Amino acid sequence: MIARIVIYLLLMIVLSDLYIDMHYFRKRYHVTWWQRLLWWIPCIGMVVYTCLLASIRNFAPVDLTWLNTYLFLLGMFVVPKTIFAISSFLGWIMRKYITHTPRNWGHYIGVLLGVGAFGVYVYGLTAGVSAIKVNHIDLSFKNLPASFNGYRIVHVSDLHLGAFNGWREKILKAEMDSIEKQHANLICFTGDIQNMRPQEVEAMQAVIRKPMSRTISVLGNHDYTEYIVGSKKEKIAQEMRLVKEEEKGLGWTLLRNQNVIICSLKGEDIYICGTENDGKPPFPNYS
């Protein structure tokens with residue numbers, strides 16, 4: 001996904017610093033050349049960082065620390081600066097051609113919006129990343145067998161277990177505790193158990209095995225291991241086999257254009273169907 005917007009990321013990184021340099025440092029405060037050089041060093045670093053990640057297939061390094069660090073720098077510094085620069089530029093346009101006021105109110109609005117964006121990102125990194133919200137939805141069907149009245153299904157998706165390494169493992173444990181508290185009759189997992197490699201699943205098996213023991217699953221686009229750097233078809237096929245083995249090791253029932261019958265104690269049953277990925281290019285269509 002990120003690989004598709006590399007050009008926009010580079011423009012965002014460079015143009016925001018260029019605008020601030022031209023409108024503030026060069027014209028207003030008479031900053032010395034070496035001070036301006038210091039201002040540009042982080043920008044140059046981010047450009048190099050972006051290009052290095054862009055040289056990796058799908059912008060997805062094997063060690064996700066590099067990607068997480070990049071997203072941290074982008075959200076903490078580049079995005080707030082970009083918001084400020086856009087607001088200031090729009091304010092300058094309005095002052096020059098429409099309002100003709102002595103002040104560019106876009107500066108002040110941009111500062112508020114930039115600080116707000118910074119605050120939202122900090123919240124997402126701290127309290128937001130561990131916030132768990134459970135939505136309860138009641139479904140009714142005229143042809144639902146009576147013995148399935150009150151049947152509880154928990155829907156889980158996009159675990160991306162590779163994101164829970166280190167201190168974040170406690171977040172995954174909290175999610176598993178939340179799943180257990182639902183006292184589900186069945187758990188349906190709709191894909192993306194991993195980021196890129198099945199080893200992520202192996203590392204977290206002990207955490208998710210018991211809470212998600214009654215799980216029927218399908219594969220997500222990440223589970224097809226299309227994001228492995230420099231992989232050939234044989235390597236991708238091997239990694240896919242490992243993904244299936246990991247899910248089997250968890251006791252899950254993986255559906256690949258298949259169905260499974262769920263029977264009640266009274267002999268009534270329902271069918272659960274699961275299809276493979278039917279994405280549009282560049283994602284494969286296996287359905």
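Suppose we keep only residues that are part of a helix (DSSP H, G or I) and out of contact with any helix residue (DSSP H, G or I) (no Cβ under 6 Å at 6 or more places or on another chain) within the stretch 177-201. Which one would you say is surrounded by the fewest Cβ atoms within 10 Å (Cβ to Cβ)?
To start, the set of residues in the stretch 177-201 that are part of a helix (DSSP H, G or I) comprises 177-180, 199-201.
Those still in the list that are out of contact with any helix residue (DSSP H, G or I) (no Cβ under 6 Å at 6 or more places or on another chain) too: 177-180, 199.
Working: ASP177: 11, SER178: 15, ILE179: 19, GLU180: 14, GLN199: 14.
Here the answer is ASP177.
Look at VAL47 and say whether it is more than 21 Å from the chain's Cα centre (by Cα), touching a residue at least 12 places away in the same chain (Cβ under 8 Å) and closer than 30 Å to ARG197 by Cα.
So VAL47 fits the description; yes.
Of all residues in the stretch 155-176, those being assigned to a helix (DSSP H, G or I), of a type outside the set (A, V, I, L, M) and either modelled with pLDDT under 90 or not assigned by TED's automatic domain parsing to the domain that holds PRO211 (or both) number 5. All of VAL154, VAL134 fail the test of being touching a helix residue (DSSP H, G or I) at 6+ places or on another chain (Cβ under 8 Å), surrounded by 13 or more Cβ atoms within 10 Å (Cβ to Cβ) and on the phi < 0 side of the Ramachandran plot, apart from VAL154. Tell me, yes or no, whether the stretch 101-111 has at least one residue that is surrounded by fewer than 12 Cβ atoms within 10 Å (Cβ to Cβ), within 30 Å of TYR19 (Cβ to Cβ) and of a type in the set (Val, Ile, Thr). Scanning the stretch 101-111, I find at least one residue that is surrounded by fewer than 12 Cβ atoms within 10 Å (Cβ to Cβ), within 30 Å of TYR19 (Cβ to Cβ) and of a type in the set (Val, Ile, Thr), so the answer is yes. The C-beta contact set for the stretch 97-110 (first residue touching a residue at least 24 places away in the same chain (Cβ under 8 Å) and in the same structural domain as ILE86 (by TED's automatic domain parsing), second residue assigned to a helix (DSSP H, G or I) and of a type in the set (S, T, N, Q), distance under 8 angstrom, 6+ apart or interchain) comprises GLY110/SER87; GLY110/SER88. Within the stretch 74-100, the set of residues being more than 19 Å from ILE2 (Cα to Cα) and of a type in the set (S, T, N, Q) comprises SER87, SER88, THR99. Total residues in the stretch 50-100 satisfying the condition of being of a type outside the set (Phe, Trp, Tyr), closer than 19 Å to LEU18 by Cα and either under 30 Å from the mean Cα position of the chain (by Cα) or surrounded by 14 or more Cβ atoms within 10 Å (Cβ to Cβ) (or both): the figure is 18.
Which of the residues that make up the stretch 20-44 are among the aliphatic types (A, V, I, L, M) and either in contact with a strand residue (DSSP E or B) (Cβ under 6 Å, 6 or more places away or on another chain) or in contact (Cβ under 8 Å) with a residue 60 or more places away in the chain (or both)?
Residue satisfying the conditions is ILE20 alone.
The values are calculated or read from the model by the stated rules, or taken from the named source; none is laboratory data. What you see is a predicted model; the values in this text were computed from it and never measured. Cβ atoms come from the backbone with ideal geometry, glycine included; neighbour counts cover every protein chain shown.
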